[in-house]
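Report on one structure; see the data block that follows.
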Amino acid sequence: MDVKAAVAYEAAKPLTIETVQLEAPRAGEVLIEIKATGVCHTDAYTLSGSDPEGLFPAILGHEGAGVVVEVGAGVTSVKPGDHVIPLYTPECRNCDYCLSGKTNLCQAIRVTQGKGLMPNGTSRFSIGGKPILHYMGTSTFANYTVLPEIAVAKIRNDAPFEKVCLIGCGVTTGLGAVIYTAKVEPGANVVVFGLGGVGLNVIQGARMVGANRIIGVDLNPDKRALAEKLGMTHFVNPKEVEGDLVAHLVELTNGGADYSFECIGNVKVMRQALECCHKGWGESIVVGVAGAGQEISTRPFQLVTGRVWRGTAFGGARGRTDVPKIVDWYMNGKINIDDLVTKVMPIEQINEAFDLMHRGEVIRAVLTF
Ligand code: APR
Ligand code: ZN
């Protein structure tokens, strides 16, 4: 079938809206009509050419929501008409990783996904017979896309696509970091570095689990109002702190954070996030993605004296199990997504959506088809 997609032909060039041919889903695959998709920094990172694993030509996009149109042989967990969210972290419930119960990093299709291919080793997208690669196994910058069955989460049918698409990445990453990775307990003091689309969801996750102090750290004072609306109790602008930021945060938290979250992708800030944690038990979670080749450092004494440094991908969420619950939280008013969708635009304006994100003018721009 012919589909409308934003194609990334090469690094650092604008995307082009094209008519692309999409093959029918094969065994174990699902054809989905994408109704809305967010634009995320990871798409921009790959498009910039800095992503060593970025491949072209490809159809980017990984923060979508849509409807199942057709299923391939052997597919049992979804049927045409089901509303779904594509998962760049799938959940096969069968591999060693899934069965460990200790991680959400399902490896069932990792190798082919990383190559921009479906699990059988080929692409479903092409233009004039030349293959166009998938991206993160999702390729949501197309009005129709094919995904493996294990990479779709079935959600309720009354959730608005242009809001719940963010649960495909930013919302789940932030909330999940608090709930699934750190398992923040009521009364904990929390410090969140970076109040963008990810950090704001850490803030509302911390509020949801009943954290005590929720301190947001951001260089941009414009981030304060929305963060407060979502549950931030104290705002710290590093530019306005006299003396050492870490010492200031330790003082604000009565000896250090029980949990801190780095939601920027800056390795210097990752160190500050670890070192503002409470001696003996404070845990720092790396959520932001640093550039290729960057390294973190601290004095080992920080760990010897009980601080814990860990990371999270997709918020530690098991997509098929946890994503439908997060959609329910939104529908029941437990979390706010409406205020995170700064702008809704047609897919034709996708390059403008990237520009808005680069200029920091949106928490999220959402594209519709
Ligand atoms: N100290 C404090 N705040 C900072 C600093 C700094 N050194 N540098 C940047 N910030 C703030 C920005 O002002 C912005 O508000 O961090 C925030 C980052 O937000 P966004 O750019 O909206 O990014 P977001 O979508 O939240 O993603 C954050 O997670 O998914 C990854 O790749 C993504 O690494 C990125 C991170
Ligand atoms: Zn698995």
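One line per residue, one yes/no per condition, for (1) in a loop (DSSP other than H, G, I, E, B); (2) free of Cβ contacts under 8 Å to residues at least 40 places away in the same chain; (3) over 22 Å from A159 (Cβ atoms):
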residue: V78; (1), (2), (3): yes, no, no
residue: C92; (1), (2), (3): yes, no, yes
residue: K102; (1), (2), (3): yes, yes, yes
residue: A108; (1), (2), (3): yes, no, yes
Under 9 Å between Cβ atoms, which residue pairs at least 6 apart in sequence (or on different chains) link something in the stretch 305-320 that is more than 13 Å from Y180 (Cβ to Cβ) with a partner that is basic (K, R) and surrounded by fewer than 23 Cβ atoms within 10 Å (Cβ to Cβ)? T305/K279; G306/K279; R307/K279; R320/R93; R320/K154
State whether the residues of the stretch 232-253 include one that is in contact with a Pro (Cβ under 8 Å, 6 or more places away or on another chain) and under 22 Å from G306 (Cα atoms). yes
When you look at G54, is it crowded, with 16+ Cβ neighbours inside 10 Å and without any contact (Cβ under 8 Å) to a residue 60 or more places away in the chain, yes or no? yes
If you take the residues of the stretch 109-121 that are over 15 Å from I132 (Cα atoms) and touching a strand residue (DSSP E or B) at 6+ places or on another chain (Cβ under 8 Å), which of them is nearest to ligand 2 (Cβ to nearest atom)? I109
Examine the stretch 66-78 for a residue that is within 16 Å of ligand 2 (Cβ to nearest atom) and either surrounded by fewer than 17 Cβ atoms within 10 Å (Cβ to Cβ) or not aromatic (F, W, Y) (or both), and state whether such a residue exists. yes
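Conditions (1) more than 17 Å from the chain's Cα centre (by Cα); (2) within 22 Å of I85 (Cβ to Cβ); (3) buried (at least 21 other Cβ atoms within 10 Å of the Cβ), marked per residue:
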site	(1), (2), (3)
G306	yes, no, no
R320	no, yes, yes
I326	no, yes, yes
N332	yes, yes, no
V341	no, yes, no
V344	yes, yes, no
E352	yes, no, no
R359	yes, no, no
V366	no, yes, yes
Taking the residues in the stretch 212-245 that are acidic (D, E) and not in a helix (DSSP H, G or I) as candidates, determine which candidate is farthest from ligand 1 (Cβ to nearest atom). E242
Out of the residues in the stretch 68-95 meeting the condition of being touching a Pro at 6+ places or on another chain (Cβ under 8 Å) and closer than 20 Å to I167 by Cβ, tell me which one is nearest to ligand 1 (Cβ to nearest atom). P90
I need every pair where a residue in the stretch 5-22 that is part of a strand (DSSP E or B) has its Cβ under 6 Å from the Cβ of a residue that is of a type in the set (S, T, Y), sequence separation at least 6 or different chains. V7/T16; Q21/S126; L22/Y144
Mind checking which residues of the stretch 111-170 are assigned to a strand (DSSP E or B) and either within 22 Å of N351 (Cα to Cα) or not aliphatic (A, V, I, L, M) (or both)? F125, S126, I127, K130, P131, I132, L133, A142, Y144, T145, P148, K154
Any residue in the stretch 144-159 that's surrounded by fewer than 19 Cβ atoms within 10 Å (Cβ to Cβ): show its pairings with residues that are in a loop (DSSP other than H, G, I, E, B) and at pLDDT 95 or above at Cβ separation under 6 Å, as long as the two are six or more apart or on different chains. K154/V78; K154/D82
Take the stretch 134-172 and flag every residue that is farther than 18 Å from P90 by Cα and polar (S, T, N, Q). N143, N157
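Pick out, from the stretch 261-369, the strands (runs of 3 or more DSSP E) lying fully within it that include 3 or more residues that are over 28 Å from L249 (Cα atoms). Reasoning before the result, please.
Values: elements: 283-286, 308-311, 341-346, 364-368.
Answer list for the stretch 261-369: 341-346, 364-368.
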The lone exception for S139 - which of (1) within 16 Å of ligand 1 (Cβ to nearest atom); (2) at positive phi; (3) touching a strand residue (DSSP E or B) at 6+ places or on another chain (Cβ under 8 Å) it fails: (1)
If Y45 satisfies every condition in (1) within 21 Å of L340 (Cβ to Cβ); (2) buried (at least 19 other Cβ atoms within 10 Å of the Cβ); (3) out of contact with any strand residue (DSSP E or B) (no Cβ under 7 Å at 6 or more places or on another chain) but one, which is the exception? (2)
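The values are calculated or read from the model by the stated rules, or taken from the named source; none is laboratory data. What you see is a predicted model, and the numbers here were worked out from it, not measured in a lab. Here Cβ is always computed from backbone atoms with ideal geometry, including for glycine, and neighbour counts include all displayed protein chains.
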